[in-house]
Every structure is written in structure tokens, then in C-alpha cells.
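Written out below as C-alpha cells is the structure these notes cover.
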Amino acid sequence: MTVSEVLIQGPDDPEISPEPRTGDVAGRSPMRIAMDRLLSDKVAMICAGIVLLFVLIAVFAPLLCKLFGVEVRAGDPVTDTDSFNYPVIGPPNYGFTWEAPLGLEPNSGNDLLAEWFYGARTSLLVATIATVVSTVVGVVLGLIAGYSRGWGDRVITFVIDLFLTLPFLLVAIAISPMLVERWRENPTMLDNASLIALIVILSIFGWMGLARLIRGEVISLREREFIEAAYVLGMPTHRILFKELLPNLVAPIVVSFSLSLPATIAAEATLAYLGVGVTGRPSWGQTILRAQSWFDEYPLYLYAPIVGIVVLVFALNLLGDAIRDAFDPKSFR
């Protein structure tokens, strides 16, 4: 809904112009104004560039491995490690080499640069899918709860409160042994099941906050004139929800998504470190888990995935803050 400005000119007041004032904001939608504010934020643009770089690394991980001449999970403990299980080239006992820019993994001899590239792919894949799913679930349930009156709102609110009481780490850790036991004899199925289970766990525990936010916004919007008019005209409920209410909720949804994505990436790495993450494919969290026992002799083994997680999550958080400020009309930066 738009609000037009009414200009009143007095007969003896030449200072007030009868012409409507035009400026940079005139004729632009709130979305366009928010995007212009975001594009003018240098910190946000730098963070967006960093995030885009990580996305490109994740998407083109196989091509990057070919470019650097490295392969994932291609190490040979017999030829690539010495009698003490240390790599025979690169750090920690040898200098830098383009054959293994980040060195080789102790015990296995796997190339750490290839593991890092594919670890970025795993983290972004899992976090993006989980965040999208939790956002969709949160938006749909929030719309239904906010627009419903009576038992519908009470049931959904009860479900939200119930999921908020579940301990995230305990539920995630409890699921892992069941998966391992169920698919122990089929490694391929175990790999796929662990990936799906991780996405489901992150999705289940990521929608409640957004659902509460959307419910509150819908409750304040459902009494507005345009919703009452749509109801009087006999518009179906699903059309009111997704054609009338949802467009007015774009800002909180975008902000929530941008702030949930880095939290999900950190949660995925945490679960992988605790042994609940995906199996059969590289992961930054799993690399950190294996690297902690080699920290004194080989700190680069641990630093590489940690730096990747910190830089990506930090950039996403700053970008999310910038998006929140851009969509907040009361924010002045």
C-alpha cells in the first residue's frame, strides 16, 4: 500500500510550493530503496564478493582441483607418508610445493587443498538446502498460524514451543548411531543417509524462530483494510496468504534467511566435528576433528578449515546485518 503526500498551500504563504516535491526516493518501491542502500554499503559489497568467491569455489571444486593438479581422497599411505605417518612433501617437515599447496594429510596422504575445496562444497550445499527448507516451513506455518483464529493458531504455536524445547545436540547425536547401525553393511547408502539426515536435522531445528516472526507480522497485517477487502470479495484463503500477505513479508524473510545461513554453516561444522556430520565426502568439520591431534606438529592442517569457516561465516553475518539495516526504514547508518 502506498501513502500519498497531501500538500496544502495557504493563500498568503508563498514559501509553500503547490508542486509535489520530487527527489531521489520518489517513484521507487521499498525493495528498490533497500537494494540501493545495500549497494551503497561498501562493507556489504566486500562481504558479498567474499561469499560469491566461496560459492564459486564450491561449484567449481572439481575444475579447481584439476587446475591445481590435486585430487580428493587420492592419497596412498605407503608412498605419501613416512614411517611416522607424516607427509613426505610439503609441511610440516618440508617447504612449500605446488604439488600440495596446503600439504598432505597425515596417515592417509590425501591432498588437503582438494579436501578444502570439497569441504566448502559440502558446507554450502548442506547449509543452503537446510536453510531453504527451514525458511519455507517457517513461512508457511507462520502464515497459517497468524491468519488462523482459534485452534489452528493454538496447535501450530504448541508445535513451535514443543520443538523449541528439544535439545538440538542431543537429538542430533542420538540419530547418528542409529544411521550407522542401520546402514553399516552398505557404505553408499550410509553416505546418502547421513547427508539427508544432517539436512533434516538442521531443517527441523531452524524454522521455529522465523515461524514466530511471520506469525506476529501476519497478526498485525490481517486486520488491515486490504486484507479485509480481499476477504469480503470472497478471495480464497490460500490466495490471501500467498498473494496479499506474503509480498508484505519479503523483508523479514530475506533478513531471516541471510542471518540463518551462517548459523547453519557453523552448526554443520560443529556436528561434523562431533561425528554426526556427513560421511564418505570431505567436510571442514571432519577435517578439524582429525587435525586436532596433530596441532603441535602440523598447525596448518587445523588452520585451513578453521580459516575457511571463520571467513565465510563472518562475511555472511556482516552481509546479513547489512541486509537487515537496508530493509529497516528506521535504520540510519
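Points worth noting:
- Qualifying residue in the stretch 184-191 (condition: among the β-branched types (Val, Ile, Thr), in a helix (DSSP H, G or I) and buried (at least 16 other Cβ atoms within 10 Å of the Cβ)): no
- The C-beta contact set for the stretch 233-255 (first residue within 14 Å of Ile214 (Cα to Cα), second residue in a helix (DSSP H, G or I) and of a type in the set (Lys, Arg), distance under 8 angstrom, 6+ apart or interchain) comprises Val255/Arg324.
- Number of residues in the stretch 32-45 that are without any contact (Cβ under 8 Å) to a residue 60 or more places away in the chain, of a type in the set (A, V, I, L, M) and within 29 Å of Leu64 (Cα to Cα) equals 1.
- Taken over the stretch 189-244, the residue count meeting the criterion of being more than 19 Å from Pro177 (Cα to Cα) and either of a type in the set (Ser, Thr, Tyr) or in contact with a Cys (Cβ under 7 Å, 6 or more places away or on another chain) (or both) is 4.
- Within the stretch 71-87, the set of residues being of a type outside the set (Asp, Glu) and either surrounded by 13 or more Cβ atoms within 10 Å (Cβ to Cβ) or part of a strand (DSSP E or B) (or both) comprises Val72, Arg73, Ala74, Gly75, Pro77, Thr81, Asn85, Tyr86, Pro87.
- Selection status of Ala120, at pLDDT 85 or above and in a loop (DSSP other than H, G, I, E, B): no
- Just so you know, in the stretch 29-42 the residues that are loosely packed, with under 14 Cβ neighbours inside 10 Å and among the small types (Gly, Ala, Ser) include one that is farthest from Phe327 (Cα to Cα), and it is Ser40.
- Met45 in a helix (DSSP H, G or I), open to solvent by less than 80 Å² (accessible area, probe 1.4 Å) and at pLDDT below 85: no
- Sole residue being out of contact with any helix residue (DSSP H, G or I) (no Cβ under 6 Å at 6 or more places or on another chain), modelled with pLDDT of 85 or more and either open to solvent by 60 Å² or more (accessible area, probe 1.4 Å) or of a type outside the set (Lys, Arg) (or both), chosen from Leu246, Leu233, Leu210, Leu259: Leu246
- Some residue of the stretch 275-284 being part of a helix (DSSP H, G or I) and modelled with pLDDT of 85 or more: yes
- Residue satisfying condition, being free of Cβ contacts under 8 Å to residues at least 40 places away in the same chain and either part of a helix (DSSP H, G or I) or open to solvent by less than 50 Å² (accessible area, probe 1.4 Å) (or both), within set Val155, Val126, Val133, Val137: Val155
- Residue match in the stretch 294-301 (condition: surrounded by 17 or more Cβ atoms within 10 Å (Cβ to Cβ), in contact (Cβ under 8 Å) with a residue 60 or more places away in the chain and not in a loop (DSSP other than H, G, I, E, B)): yes
The values are calculated or read from the model by the stated rules, or taken from the named source; none is laboratory data. All figures in this text were calculated on a predicted structure; none of them were measured in a lab. For neighbour counting, all protein chains shown are included, and Cβ atoms are generated from backbone atoms with ideal geometry for every residue, glycine included. Calculation scope for accessible area: heavy atoms of the full protein, side chains included, ligands and nucleic acids excluded. Shrake-Rupley method; radii C 1.70, N 1.55, O 1.52, S 1.80 Å.
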